[in-house]
Amino acid sequence: MKQALMEVMRMNRICRMVLVTCFGSFILVIFYFQSMLHPVIRRNPFGMDICCRKGSRSPLQELYNPIQLELSNTAILHQIRRDQVTDTCRANSMSSRKRRVLTPNDLKHLVVDEDHEMIYCYVPKVACTNWKRVMMVLTGRGKYSDPMEIPANEAHISSNLKTLNQYSIPEINHRLKSYMKFLFVREPFERLVSAYRNKFTQKYNTSFHKRYGTKIVRRQRKNATQEALRKGDDVKFEEFVAYLIDPNTQREEPFNEHWQTVYSLCHPCHIHYDLIGKYETLEDDSNYILQLAGVGSYLKFPTYAKSTRTTDEMTTEFFQNISSEHQTQLYEVYKLDFLMFNYSVPSYLKLE
């Protein structure tokens, strides 16, 4: 609640958006601009052309044009988060808008729920397994009722959920305009350490060890043993960081989705997200979304305590052996995520 109130105090200017249009085989970006002539809280920016779901109000209508005139602190909080993204995109326009268009392939992380008119951009290591489970319940037409009864591996089978890149260009544009779009974010370095711990310290992740671990060891470790070069199952965090900041890494191929930036996965400077949930307020934000979807009375976001969860204290320990030079370079890689989602520079960093 304290964090939410702090964000509420950061009220900013309002953003507007020009609707997405089609151009050839590309999707034109959504442009943002701001006006000091408009109030901070915006009501129903899409007008009355939002098609209602089977006679009920759509999530967009519930969000931007609530029945109750008084807006909740939660609604104000999410407005501020939207403004933060908009302001960051404007302030960093040269780096945030390197490409002026998106292709359908850029939309493979956007999961579509036709019945409730919602689009969820999933970000690995930010409760995406549970959110995929919830989306399977929402889109399963009664096939599933309890998200936690869905095995984790089943939630990650691509055929179980439909993504936006599977639609035609006109269908994509219609859904980007008319559906409520949301994503969840996390403190960037905490997410990074979580990805490292999961993919490089767990013995069962042999595919990651072979695919990435062997490459990292070969590049970053002097006098590596033949066994390490063959297995790649003992990558140190320092070696992982060196791999991420190496310019050759992204020249060869994009980052894996587990450590790719949220900016690159979900394109928040090109797609207007109506709700930005945070890992730090996961339960409240998730249930607010389900409430807007009209399912909050019978579907709650699953919560359970996990002692293995990566914490800020744990992240601090991992960065103790990273040089200030490498810390600075790594921060530059994830800088837009820090700024866009209002995460301060970690106190443990020794930036040059």
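The values are calculated or read from the model by the stated rules, or taken from the named source; none is laboratory data. No experiment lies behind these values; they were computed from the predicted model shown. Glycine also receives a Cβ, built like all others from the backbone with ideal geometry; neighbour counts cover every protein chain displayed. Only protein heavy atoms, including side chains, enter the accessible area calculation; ligands, DNA and RNA are left aside. Shrake-Rupley method; radii C 1.70, N 1.55, O 1.52, S 1.80 Å.
Each Lys and Arg contributes +1 and each Asp and Glu -1, all at the Cβ; summed about the Cα centre of segment 59-341, the dipole is approximately 1100 debye.
Each residue of segment 287-292 is assigned a 3J(HN,Hα), and the resulting list reads 5, 5, 5, 5, 5, 5 Hz, derived from the Karplus form 6.51 cos²θ - 1.76 cosθ + 1.60 (θ = phi - 60°), x at Gly and Pro.
Rg/Rh for segment 169-297: what does it come to with C-alpha atoms and Rh from Kirkwood?
Numbers: Rg = 19.0 Å, Rh = 17.3 Å.
Rg/Rh: 1.10.
Taking amide H atoms as placed 1.01 Å from N in the peptide plane, the amide H of residue 185 lies under 5 Å from those of 277, 278, 279, each 5 or more residues away in sequence or on another chain.
Taking θ as phi - 60° and the Karplus parameters 6.51, -1.76 and 1.60, the scalar couplings of segment 102-118 work out to 10, 9, x, 5, 6, 9, 6, 9, 9, 8, 9, 10, 5, 5, 10, 6, 9 Hz in sequence order, x denoting glycine and proline. Rolling a 1.4 Å probe over the protein chains gives residue 231 an accessible area of about 70 Å².
A simple spin-label model places pseudo-atoms 7 Å from Cα toward Cβ; at residue 223 and residue 300 they are separated by 5.7 nm.
For residue 65, the residues 5 or more places off, or on other chains, whose built amide H falls under 5 Å of its own are 44.
Charge tally for residue 300 (other residues, Cβ to Cβ under 11 Å; Lys, Arg +1; Asp, Glu -1): -2. The Cα trace of segment 294-352 gives Rg and Dmax of 16.7, 51 Å, the first to one decimal, the second as a whole number.
Label-to-label distance for residue 156 and residue 344 is 3.4 nm, based on points extended 7 Å past Cα in the beta-carbon direction. The percentage of C-alpha pairs in segment 59-341 whose separation is greater than 29 Å is 37%.
Separation of the alpha carbons by more than 22 angstrom is noted, of 125/231; 125/335; 236/350, for 125/231. Amide hydrogen proximity for residue 102: with H placed 1.01 Å from N in the peptide plane, the residues at 5 or more positions away or on another chain lying under 5 Å are 27, 29.
Applying a DSSP loop filter and a limit of 15 other Cβ atoms within 10 Å to the GluC sites (Glu not before Pro) in segment 114-166 leaves 114.
Provide the FRET efficiency to the nearest 0.05 for the residue 76-residue 236 pair, computing r from the beta carbons and using R0 = 41 Å. Write down the numbers at each step before the final one.
On the way: r = 44 Å, r/R0 = 1.07.
Rounded to the nearest 0.05, the efficiency is 0.40.
For 174, 116, 272, the ranking by accessible surface with the largest value first comes to 174, 116, 272, using a 1.4 Å probe. With θ taken as phi - 60° and the Karplus curve 6.51 cos²θ - 1.76 cosθ + 1.60 applied, the whole-hertz 3J(HN,Hα) list for segment 152-164 is 4, 5, 5, 5, 9, 6, 4, 6, 7, 9, 9, 10, 5 Hz, x standing for glycine and proline.
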